[in-house]
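Working notes, structure below.
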Amino acid sequence: MEHHSNEPQVVVIPPDKEKIAHLWKVAGIMLVVTIFEFIVAFSMHSGVMKTSIFVGMTIIKAFYIVGEFMHLRHEVKALIWSIMVPIIFIVWMLIALVYEGTKMADINFLSF
Amino acid sequence: MSQPAATISGRSAWDGGVSPMGVSYGKLMMWFFLLSDAFTFSGLLVTYGLIRSSHPAYTGDHAKFVFSNEYWPVPEKVFEAVPFFHGVNLPLVFVGIMTFVLIMSSVTMVLAVEAGHRMDRKAVEKWMLWTILGGITFLSCQAWEWTHFIIGTEAGTTIREFVNGSWTTRVIHGAGLHENQYGPHDFADFFFFITGFHGFHVFSGVLLNFLIYYRTVTGMYDRRGSYEMVEKVGLYWHFVDLVWVFVFTFFYLV
């Protein structure tokens, strides 16, 4: 069994129950949010209110995925801001172009 | 891992040996790649918002909705089929299952990363296998969803069109890039491009996950003394899940 001497000695650290329980808790929150979205989808009439709820729920889910699963919430501030600040451009682009779209509808579909 | 930015006293931060972001080079570059990828997906989703808001919305009675190329369709009227339940109206149920599968595979991925921190090879193998299984399940569901979308419903949709100087009617089944039975042709184009681009990311993710699994099984990360690769690919896999959360909201729910 000489070749075993080349194998690295790996020390396995026992699992931290609290940490794993926290991960499952986050998973539970995401599941509850998704179920809530389903209830809203079938119990509300479409409108600004319904859309706002969906966008809000999506941001909550995005926060947990990026913050907890991708661990960004626990990184140094410089990294958090490097990732979060450029997102402003996406928000701006979304607002600008959706507004533009409604104006295009006004011009293209005057008969409606 | 959370590490404070460390500078050696008496030396300028510009002399090197400093990690201001507190993460390794590989992880930092993965973060910036994901940021650029987020811009690509935003480009697609924002354009969807632009085109959708430039089309008239369906304003009539929700229960009496019919497909027409004159207004944007209500998504839950389009995506209402589930495998083995032919003809049963189950709006958004199948896509809800797909969402659940992808979120669960993200959870198993984060458990694999956690096991990697503890150098627990057996646990990494177990959770990576679950993650790969989730990814393959999602892709299979998407293959079915695409097939159903392309073939369409039995009744199809009758459209009026102006051909050679006179109005004629024609029945369209399913969808292609040129025309579709559900609504304006842009609707199907965006479906194919957005879910297709996301599906390709999932496919790449499954390949990367398999590579990580293979290298774990062969003991590569034990020899290296670090399971950081699991973490890097984990970041990518969570991002794919994140994108789906947005696609689910903006394509299927709103």
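The values are calculated or read from the model by the stated rules, or taken from the named source; none is laboratory data. Keep in mind that what you see is a predicted model, and the values were worked out from it rather than measured. Note: ideal-geometry Cβ built from the backbone for every residue, glycine included; neighbour counts use all protein chains shown. Just so you know, the surface numbers come from the protein's heavy atoms only, side chains and all, with ligands and any DNA or RNA stripped out. Shrake-Rupley method; radii C 1.70, N 1.55, O 1.52, S 1.80 Å.
Output yes when any residue across region B:86-102 is more than 30 Å from A:His45 (Cβ to Cβ) and of a type outside the set (A, V, I, L, M), and no when none is.
First, the residues of region B:86-102 that are more than 30 Å from A:His45 (Cβ to Cβ): none.
Checked region B:86-102: no residue is more than 30 Å from A:His45 (Cβ to Cβ) and of a type outside the set (A, V, I, L, M).
Return the residues of region A:85-112 that are open to solvent by 90 Å² or more (accessible area, probe 1.4 Å) and either closer than 30 Å to B:Met109 by Cα or touching a residue at least 60 places away in the same chain (Cβ under 8 Å) (or both); say none if nothing qualifies. Once the filter is applied, which keeps residues that are open to solvent by 90 Å² or more (accessible area, probe 1.4 Å) and either closer than 30 Å to B:Met109 by Cα or touching a residue at least 60 places away in the same chain (Cβ under 8 Å) (or both), region A:85-112 yields A:Ile88, A:Phe89.
State whether one or more residues within region B:42-52 are away from chain A (no Cβ under 11 Å) and either open to solvent by 10 Å² or more (accessible area, probe 1.4 Å) or under 24 Å from A:Ala41 (Cα atoms) (or both). Explain how you work it out, then say what you get.
Taking region B:42-52 as the starting set, the residues that turn out to be away from chain A (no Cβ under 11 Å) are B:44.
After this cut, where a residue has to be either open to solvent by 10 Å² or more (accessible area, probe 1.4 Å) or under 24 Å from A:Ala41 (Cα atoms) (or both) as well, the list is B:44.
Yes, that holds for at least one residue.
Looking only at residues in region B:223-233 that are in a helix (DSSP H, G or I) and more than 8 Å from chain A (Cβ to nearest Cβ), the one that is surrounded by the fewest Cβ atoms within 10 Å (Cβ to Cβ) is B:Arg224. Checked against the criterion of being more than 20 Å from B:Asp120 (Cα to Cα), in contact with a Pro (Cβ under 7 Å, 6 or more places away or on another chain) and modelled with pLDDT of 90 or more, the candidates A:Val55, A:Val76, A:Val66, A:Val33 yield just one match: A:Val76. Here is the figure for region B:84-126: residues that are surrounded by fewer than 21 Cβ atoms within 10 Å (Cβ to Cβ), modelled with pLDDT of 90 or more and more than 18 Å from the chain's Cα centre (by Cα) total 9.
Cβ-Cβ distances below 9 Å connect the following pairs, each with a first residue in region B:237-254 that is in a loop (DSSP other than H, G, I, E, B), a second residue that is open to solvent by 10 Å² or more (accessible area, probe 1.4 Å) and among the aliphatic types (A, V, I, L, M), and a separation of six or more residues or different chains: B:Val254/A:Val55. Residue check: A:His74 meets all listed conditions (1) more than 9 Å from chain B (Cβ to nearest Cβ); (2) open to solvent by 40 Å² or more (accessible area, probe 1.4 Å) but one, namely (1). Picking from residues in region A:53-71 that are open to solvent by 20 Å² or more (accessible area, probe 1.4 Å), within 17 Å of B:Tyr252 (Cα to Cα) and without any contact (Cβ under 8 Å) to a residue 12 or more places away in the chain, the one that is nearest to the other protein chains (Cβ to nearest Cβ) is A:Val55.
When you scan region A:13-112 for helices (runs of 4 or more DSSP H) that lie fully inside it, which ones turn up with 2 or more residues that are more than 22 Å from the chain's Cα centre (by Cα)? Outline the logic, then answer.
Working: elements: A:17-43, A:48-64, A:77-84, A:87-108.
Output list reads A:17-43, A:87-108.
Is at least one residue of region B:162-171 farther than 19 Å from A:Ala62 by Cα and within 26 Å of the chain's Cα centre (by Cα)? The answer is no, given that none of the residues of region B:162-171 is farther than 19 Å from A:Ala62 by Cα and within 26 Å of the chain's Cα centre (by Cα).
Taking the criterion of being in contact with a Ser or Thr (Cβ under 9 Å, 6 or more places away or on another chain), closer than 25 Å to B:Ile97 by Cα and modelled with pLDDT of 90 or more, would at least one residue in region A:2-21 satisfy it? Before the answer, list the steps.
The initial filter retains those residues of region A:2-21 that are in contact with a Ser or Thr (Cβ under 9 Å, 6 or more places away or on another chain), namely none.
No: zero hits.
Checking each residue in region B:55-89 for being acidic (Asp, Glu) and closer than 22 Å to B:Thr147 by Cβ picks out B:Glu76, B:Glu80.
Here B:Gly152 meets the list (1) in contact with a strand residue (DSSP E or B) (Cβ under 9 Å, 6 or more places away or on another chain); (2) closer than 23 Å to B:Leu242 by Cα almost entirely, failing just condition (2).
Restricting attention to region B:174-191, the residues that are free of Cβ contacts under 8 Å to residues at least 40 places away in the same chain and of a type in the set (A, V, I, L, M, F, W, C) add up to 3.
One residue stands out in region A:33-52 among those that are crowded, with 16+ Cβ neighbours inside 10 Å and β-branched (Val, Ile, Thr): the one that is farthest from B:Phe250 (Cα to Cα), namely A:Val33.
Taken together, the residues in region B:209-222 that are at the interface with another protein chain (Cβ under 9 Å from one of its Cβ atoms) and at pLDDT 95 or above amount to 0.
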